[in-house]
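Beneath this line is the structure, given in structure tokens, with notes to follow.
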Amino acid sequence: MTDSPVTKGDDAREPRLVLGIDLGTTNSLAAIRAGSEARVLRNQQGEALIPSVVCYQPDGKTSVGSAAKALRLEHPDRTVSSIKRLIGKSFADAEPDVAKLPFAVVASERNLPRVAIGDDRHSPEEVSSLILREVRRTAELAVGRSLHEAVITVPAWFDDTERQATKDAAALAGLDCLRILNEPTAAALAYGIDGGKDGTVLVYDLGGGTFDVSVLRIQDGVFRVLSTAGDTHLGGDDFDALLAQRILATLPERARDSVNEDPYVLQAVNQAAESLKIRLSEAESAELELDLGDRGIAKVTVTRPEFEAAIAPLVQRTLDCVQRAIADAGVGLDAVGDIVLVGGSTRVPLVRSRLESFCGKPPHTHVDPDQAVALGAAIQADVLAGNDRSLLLLDVIPLSLGIETLGGAVQKLILRNSTIPTSVTEEFSTGVDGQTSVDLRIFQGERELAQNCRQLGNFQLAGIPPMPAGLPRIAVTFLVDADGVLRVTAREQRTEVQAGIQVSPSFGLTRDEVRRMMLESLEHAQDDFLAREAIEQRQKAEAMVRGTRQALELAELPPDQIYSVHKAVKALDRLLADNADAKALNAGCEELTKVTATIADDVISSAVTKALREEQENS
Amino acid sequence: MIHIPAPDPFAVFSLPRQLELDDTALERKYLELSRDCHPDHNRAADTDDCAAVLQRAAEINDAFAVLKDPWQRARALIEAESPGALDRNKKLDPMFLAEALELAEEVAFAKDEAIAPLRERLGAALAQDFAAVAAAIAADDYDGAARRVHGSHYHQKALADLEARA
């Protein structure tokens, strides 16, 4: 996907406002920066945190946020939470999480997780888009203006497909996602603006479902990420799960098994576990009595040492990540000036004490761990809006990207912790005479074998002019953009033909699905859709005008054909200049397609003939 | 699959092709170029422009990654001055190779107390390699420089193995 264009003709009197959104596993919130001050946006009740929960009620109504959380015990099997754990994943990847969720998740035809509510199936992108829509609505009420652009944060450790899926969710919510921003980087930005010193900073971000650590260097307003490491399956929810096990263990064996089948009771146990954890952050021990009806009463006392012994292995896993990030950054622990804590789970005393003894200094505590990410996103949003040129973020790609070679090995193209944007170009050819397409399989991960890495998708280079085997020289550029998302472009170098690339993502939504879902969301947000449709139609028309003009220059066509193509291109170009609406542009595009369809093959083949002739003359 | 080399990093940074670079000045230049070219500050209205901005920003980031590392910098310099030199000179002097392999063997069987002295020796060997590369480049002997760059890989590999054991 290409970056969305900047909307032209913004009202000059009002500064462009871009939302910063922290789309969390358990809670989400928005912030905005107008002037130098960034602030979180609150609803009329004064709450900033919007629970990342969606309830599909039996009567067809959909509730989001606090309203949905309140319905959790009433409709546990219809209330969707922790959706961030599923976004951009395959069903197989998601399965360990699915087992712990009180609502049903099934595999789609393409083996992707779908939330099952009755007979309805919802993709994680759809669920996330409802949360984003609620965040947006809350923000619009707080600001008193309609908002359609946002910077959305994700764990630094999210891979390509998880990032792309988040962008798709934003599009479904009618938001133009100007940037996918890494959560620890956002937090560092909030820290740096809030009187943090220049130097090297370690951001330790332990949220509900994910863990990230990043090492950054801050210097004259430039925030440069040196390295990042993390675990998308490690967070406070896992602490809760350990306590839930403790609670269940007090029940008789028969009751225990039936509890696991019953979403109502499971939800109650999970909620009780969370409250135990929160109390154990303050007190030395906590007691709990949970009436589970005919299954008996769960009565538990947990002391802090017991709790800490249970979670110690998880905390150690975070420290292993810290060690790796420090090593990858090429600095010593002694070079780290400040340790910034982010995420609600950093309130757990053991997390703080272990981190302190590991790093040899106490963490910095001036930044609010719940708000830092959203505030940082708002600051970056302000930079992207063009309101602040004094700041610059330089982030990295968390996992290496590679291509499958013979024998199932992965050859790395881009190494982890490379500063983004970054790019590499490789040349490919064909193996068979007349071959017109080449398949490339792209993987993300650090392992040597493809089977141990995450496949991002199949990239098919199509439209290669038919030539003897080995003759085409297709230069393929792999570029990781500032969102950490891969873009692939290809060009056949002899003919200068821009090879088409067909991407079939292994995970997440296909482009067609995104289009279809946007159509379906019409009833919710017709305006959003029309606006976006107009933008996309415009982009398509612009691309067609450009592409056809290039082809005309390249091809040798009879004058009458040149004339008719020119006429159609000009007509479409005029529509663009007149700012015609999507319908008119679509008609113009179809007209041009009609004219070029009959000669498209000729254009290609004459371009190829020409190129081949030159090749022979040269040799 | 054939790798198409990135643009000459010295050219991207408008620097003369030289092995010795001032780290602080290099970093300052990098931040300056980034401020001018980063897509965050150059969100173009036209998607084509945007691709160009991204490509330019990628060039700057990738060039900096090469220039800040002395060994990568040496390779880029050799490749820019004498394209193909690194590919042409993979055959090493048998004497050098024998010594390097001997050192690697010592690493593989080193007892704990031998690790610290070995680390020192490998460090010294790498410093020697680098000095030899620098001298060859200064004498415009890019084939010689390329051979020594390849030779240094044995020392680097042995050092990495040693650190993995320690």
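Computed quantities for the displayed model
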| item | result |
| --- | --- |
| Unmet criterion (only one of (1) hydrophobic (A, V, I, L, M, F, W, C); (2) within 15 Å of A:E404 (Cβ to Cβ); (3) touching a Ser or Thr at 6+ places or on another chain (Cβ under 9 Å)) for A:I464 | (2) |
| The range A:396-405: number of residues that are more than 10 Å from chain B (Cβ to nearest Cβ) and either in a loop (DSSP other than H, G, I, E, B) or among the hydrophobic types (A, V, I, L, M, F, W, C) (or both) | 5 |
| Residue match in the range B:144-151 (condition: outside the structural domain of B:L15 (by TED's automatic domain parsing), more than 14 Å from the chain's Cα centre (by Cα), under 30 Å from B:E27 (Cβ atoms) and not basic (K, R)) | no |
| Residues located in the range A:112-148, provided they are part of a helix (DSSP H, G or I) and either over 29 Å from A:G60 (Cα atoms) or free of Cβ contacts under 8 Å to residues at least 40 places away in the same chain (or both) | A:R137, A:E140, A:V143 |
| Residue in the range A:599-610 that is at pLDDT 80 or above, within 26 Å of A:I464 (Cα to Cα) and out of contact with any Leu (no Cβ under 7 Å at 6 or more places or on another chain) present | no |
| Meets criteria (surrounded by fewer than 19 Cβ atoms within 10 Å (Cβ to Cβ) and either β-branched (V, I, T) or on the phi < 0 side of the Ramachandran plot (or both)) for B:E59 | no |
| Failed item in (1) assigned by TED's automatic domain parsing to the domain that holds B:A139; (2) touching a residue at least 24 places away in the same chain (Cβ under 8 Å), with B:F64 passing the rest | (1) |
| Residue within the range B:117-129 that is outside any helix (DSSP H, G or I) and surrounded by fewer than 18 Cβ atoms within 10 Å (Cβ to Cβ) present | no |
| Boolean, A:D388 is within 14 Å of chain B (Cβ to nearest Cβ) and either part of a helix (DSSP H, G or I) or of a type in the set (V, I, T) (or both) | no |
| Matching residues in the range A:418-434 - criterion: being more than 10 Å from every other protein chain (Cβ to nearest Cβ) and either in contact with a strand residue (DSSP E or B) (Cβ under 7 Å, 6 or more places away or on another chain) or of a type in the set (D, E, K, R) (or both) | A:T430, A:D433 |
| Wholly within the range A:149-260, strands (runs of 3 or more DSSP E) carrying at least 2 residues that are farther than 30 Å from A:R39 by Cβ and touching a residue at least 12 places away in the same chain (Cβ under 8 Å) | A:222-231 |
| Number of the condition not met by B:A164 [criteria: (1) surrounded by fewer than 15 Cβ atoms within 10 Å (Cβ to Cβ); (2) touching a residue at least 12 places away in the same chain (Cβ under 8 Å)] | (2) |
| Odd one out for A:R454, checked against (1) surrounded by 14 or more Cβ atoms within 10 Å (Cβ to Cβ); (2) at pLDDT 85 or above; (3) over 20 Å from A:A475 (Cβ atoms) | (2) |
| Selected residue (criterion: nearest to the other protein chains (Cβ to nearest Cβ)) from residues of the range A:346-369 that are crowded, with 20+ Cβ neighbours inside 10 Å and part of a loop (DSSP other than H, G, I, E, B) | A:V367 |
| Elements of type helices (runs of 4 or more DSSP H) contained in the range B:1-91, each with 1 or more residues being within 13 Å of chain A (Cβ to nearest Cβ) | B:9-12, B:23-37, B:47-67, B:70-81 |
| Failed criterion for A:L415 (all others in (1) closer than 30 Å to A:V315 by Cα; (2) within 14 Å of chain B (Cβ to nearest Cβ); (3) touching a residue at least 40 places away in the same chain (Cβ under 8 Å) hold) | (3) |
| Residue that is farthest from A:G470 (Cα to Cα), among those in the range B:2-19 that are within 14 Å of the chain's Cα centre (by Cα) and surrounded by 15 or more Cβ atoms within 10 Å (Cβ to Cβ) | B:L19 |
| Residues that are touching a strand residue (DSSP E or B) at 6+ places or on another chain (Cβ under 6 Å) and modelled with pLDDT under 75, drawn from the range A:473-513 | A:Q498, A:A499, A:G500, A:I501, A:Q502, A:V503, A:S504, A:P505, A:S506 |
| Members of the range A:269-279 that are more than 31 Å from the chain's Cα centre (by Cα) and touching a residue at least 40 places away in the same chain (Cβ under 8 Å) | none |
| Qualifying residue in the range A:94-110 (condition: out of contact with any helix residue (DSSP H, G or I) (no Cβ under 8 Å at 6 or more places or on another chain), assigned to a loop (DSSP other than H, G, I, E, B) and modelled with pLDDT of 90 or more) | no |
| Lone qualifier among A:T185, A:T200 - being within 14 Å of chain B (Cβ to nearest Cβ) and closer than 15 Å to B:E27 by Cβ | A:T200 |
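Every residue, every condition in (1) within 14 Å of another protein chain (Cβ to nearest Cβ); (2) under 23 Å from B:L31 (Cβ atoms); (3) at pLDDT 90 or above, yes or no:
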| position | (1), (2), (3) |
| --- | --- |
| A:D205 | no, no, yes |
| A:G209 | no, no, no |
| A:I218 | yes, yes, yes |
| A:G221 | yes, yes, no |
| A:V225 | yes, yes, yes |
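The values are calculated or read from the model by the stated rules, or taken from the named source; none is laboratory data. Since the model is a prediction, treat every value here as computed from it, not as a measurement. Positions of Cβ are backbone-derived with ideal geometry, glycine not excepted, and every protein chain shown enters the neighbour counts.
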